[in-house]
Structure formats: C-alpha cells, structure tokens
Amino acid sequence: MNILVAAPGLARELTWAIVGLSVGGVILRPWGVREVIPAVAGAVALVVLGLLPVGAALRGVGQGTDVYLFLTGMMILAELAADQGLFAWAAGWVAVLARGSAGRLFGMIYGMAVVVTVFLSNDATAVVFTPAVAAMVRAVGAKQPLPYLLICAFVANAASFVLPISNPANLVVYGPALPALVPWLWQFGPASVVAIGATFLLLRFTQRRALAQEIAVAVERPELSVGGRHAGLGIAGTAVVLMGASALGLPLGLPTFVCGLATAVVVVLPGRLAPWPRVKNISWDVLPLVAGLFVMVAALDRTGLVVGLSGWLRQAGGAAVWASGLGLGVLVNLVNNLPAGLLAGHALALAQFSPKVSAAALVGVDLGPNLSVTGSLATILWLTALKRAGLHVTAWQFLRIGLVVMPPALLAAVAVVWLYP
C-alpha cells in the first residue's frame, strides 16, 4: 500500500523520521558504520515504504549528476597529487617558510585554504588540500595537528561564496538565475571578506593553546617528481578551466571530470604506472552518499516543505533577510547544505523575493555548515580525508568549536548583506 495516498499525515511524519534517522546516522556513525550506509538505507526505505515513487527517486539521483562528476574529477586529482609526492613537496616548503612558528604556519595554511576554496571550490579544499595539510603537519612534527586540519573544514565553508564556483551549492540555490560574475562579486564580496576574517579570528581563538606548541624549523624537502609536476599542472589547469566554465555559465561537473581524467593520463602513461592501485584508493562511497542525500530531499519536497519555507519567508516581511540567512544556517545542519540548497532554491523560486533575501539564503547555506560535521558535503569529505590520513575528529569535538565560530560569523555576514546597498 502507498502510505502517501492512504495517510498523508502519517507519510509526512514518517518521511521526516526516516530522514532524521539517516542524517543522524551519517553524523554519529553508530557501531562504526561508514557514513554512506545510513544515507543509502534511508533513501531505500523511503522508496520501499511507498513514501517516494521510484521515478521520483531516480529523478532525485539524477539531480546530482553534475556533483558526482565534479567530485570524481577532484578525487582523481587528489589521489594523483598524493601518490606522486606533490603534497609532501609542498609540505616541505611551507614548513621552511613557517620558520618554526606554529602561529605563522596557521596563518599560511589559512591563506592557502582560502585560495583553493575560491578558485577550486570548497569540496576541493576538503578532498585535495586536507591531505596536503596532513603532510605539512607531519613534516614539522606538530604534536597537535588539529588546529591546522580544522582550517580545511572551516575555510571550505567560510570562503565558499566568494565566486559562483567556490561551492556547488551556489549553483543549486540560484539555478538558471545565477548572477553574472561582476554582480556576484558586488553582492557577495563584502560579506565574504567578513565571513573569512571572522572565521579566522574565532577559529584561531579556539586553538590558541594548541598553537603555543613548538614545530620543527629544519625539515626534509623532497625533490618533486615529474609525475608530481604533472599533477600540480593538472590542478592549476583545472582551476583555470573552472573559472572559464563559470564565466560562461556552464555546469562544472563535466569539465572537472575531464580535467581529472586528462591529468591521470598524463601522469600514469609516461611513468607506466598501474592505474588500479590509484583507482581503488579513491573514496568512491562518497558518490552514493550524495545520491542518498538527493533522494531524501526529493522526499522532503513531497511533504510540502518547500511551500512551507516559501510561505514562512513571505510572512517574515521586512525580516526576511534575517529569516532566510539564519534559518537556513540552522537547517543545513539538519539536512546538509546540498539538500537545503535545493529546498531553498525551490522556495525562493515560488515567490519574487528581493535579491537580498536570496543572497542571505545563500550565505546561510554556505556558512551555516560550520556548526556541525553534517552541515556540508565538504565537511563530510573532510572527515573522510582525515580518516585516510589516520586522524579522527568526533562530531562533539567539531560542534564545540562550531558553536564558537559559526554563529558570530554568520550574524556578521548576514548583517553585511542586509546593510550593503
């Protein structure tokens, strides 16, 4: 029996319960299960119980095609860079420039993370830059590596609305109404500066004791292999291609995927390297995890959540800017930023809201995830990268820091959107 037809109220409550349990499973990982299992299990349960038709579920999965291609390309680039020693080489140089100062190293890594996020996207910061930072902290012998690794997660969200390409969620929220590059910079530039600066100050404050540690001054600087140079050129070329695709208003997934494959060919073939060991090291379960999230948002859409969100924003009247920014800043931590971005985009499309309301909504979707580990796909990818490096951060550890860092930064960024002409 189709529960949705037989008892609409029960179907709505059951849908929310399944989504809540699935997201909770992704956060808490009960019994040590991988994040992908509760996400996929929740999506399957929604279909099996008749809460979401098979066709609607497949359409939900299809909505993530561009994201799957984007992530695959980025993961290929990250694996090639790590395998060919690019990260170890970069780590040696950064450690030398830090000159034994843990605070200086923090600032340098923060600045590098901002550049990677702005020009390669927040997911690239999680997938590509996190292993590089792990190599850096090993090179300097940091006894407490967490402050430097936290940068990758927090900057991935704080700097993710500088450009349209800085976060796939930006494309999801605006859809075909995505502003051109110059209007985008005018609208989001000041808020981005405030978000990046506030996050730096607050994150450094939370890590002030750990940054009193000593780090090595003299470190080994390995030579960069030919394959490492090719991997570096591939990453740089990908950044240029993504900027071009963004300027032309093209989807980013396919160009990123093609760049990843092209870089793999250039690295693997001349060195006659076996591709299989590199392929199996990629965290492929990220893709079904994302697919599960898209299916869940398709189910939430059928419960009337989008219409409810749109009506709530209309009722907020003059406070709609604050309602959209702060409300979505909380919502993303319950359902993840990609599903929340889809819901927000649909809700905003139902009524003619002012550009400031849409801008505040995007700030909430992008910056809100700095509260919890489930807030954004980038943070989930960051956790996966940490595990591959033999490191671990609990949901509670992240939340304690996020409660200090995220709310003031979000309030400041939304205030700039509200005040800025």
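Throughout, read-outs are computed from the coordinates displayed, never taken from laboratory work. Since we're looking at a predicted model, the values are computed, not measured. Cβ atoms come from the backbone with ideal geometry, glycine included; neighbour counts cover every protein chain shown.
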Using a ≥ b ≥ c from the Cα gyration tensor of segment 1-134 (square roots of the eigenvalues), is it rounded, prolate or oblate, where a/c under 1.5 gives rounded and otherwise the larger of a/b and b/c decides, a/b for prolate? prolate
Kindly express, to the nearest 10 degrees and within the range 0 to 90, the angle between helix 181-206's C-alpha long axis and the longest C-alpha principal axis of the chain. 70 degrees
Lys and Arg at +1, Asp and Glu at -1: add these up for the other residues within a Cβ distance under 14 Å of V94 and post the number. +3
If each residue of separation counts as 0.36 nm, what is the full-extension length gain between L146 and Q213 once their alpha-carbon separation is subtracted? 22.9 nm
Could you tell me whether segment 304-386 comes out rounded, prolate or oblate from its Cα gyration tensor? Rule is a ≥ b ≥ c as square roots of the eigenvalues, rounded for a/c under 1.5, then prolate if a/b exceeds b/c, otherwise oblate. prolate
Of the candidates V61, V33, V137, which one comes out as most mobile in a Gaussian network treatment of the chain with C-alpha springs shorter than 10 Å? V33
Looking at the square roots a ≥ b ≥ c of the eigenvalues of the Cα gyration tensor of segment 192-349, which shape do they give, rounded for a/c under 1.5, prolate if a/b is larger than b/c, or oblate? oblate
When Rg is the radius of gyration of the Cα atoms in segment 94-228 and Rh is its Kirkwood radius, what does Rg/Rh come to? 1.04
Theoretical FRET efficiency, 1/(1+(r/R0)^6), r = Cβ-Cβ of A17 and W284, R0 25 Å, to 0.05: 0.30
Relative to the present Cα-Cα distance, how much length would full extension add between R221 and L233 at 0.36 nm per residue of separation? 2.4 nm
Two-site FRET efficiency, A412 against H392, from Cβ-Cβ distance with R₀ of 30 Å, rounded to 0.05: 0.45
Working from Cα positions, state the angle (0 to 90°, nearest 10) between the long axis of helix 377-388 and the longest principal axis of the chain. 40 degrees
With a sphere of radius 15 Å drawn around the Cβ of R278, what net charge do the other residues whose Cβ falls strictly inside it have (Lys, Arg +1; Asp, Glu -1)? +1
Mean separation of Cα contacts under 8 Å (at least 6 apart) over the residue count of the chain, i.e. the relative contact order in percent, is 24 percent
I'd like to compare 209-217, 197-205, 334-342, 227-235: which one has the highest average count of other Cβ atoms within 10 Å, and what's the full order after that? 334-342, 227-235, 197-205, 209-217
Compute the orientation-averaged projected area for the chain from the convex hull of its Cα atoms and round it to one decimal in nm². 20.0 nm²
Taking the alpha-carbon centroid of each part, what is the distance from segment 63-99 to segment 352-421 in angstrom? 22 Å
With no solvent and one equal point scatterer per Cα, compute the Debye intensity ratio I(q)/I(0) for segment 32-105 at 0.12, 0.14, 0.22, 0.24 Å⁻¹ and report its log10, rounded to two decimals. -0.63, -0.72, -1.02, -1.06
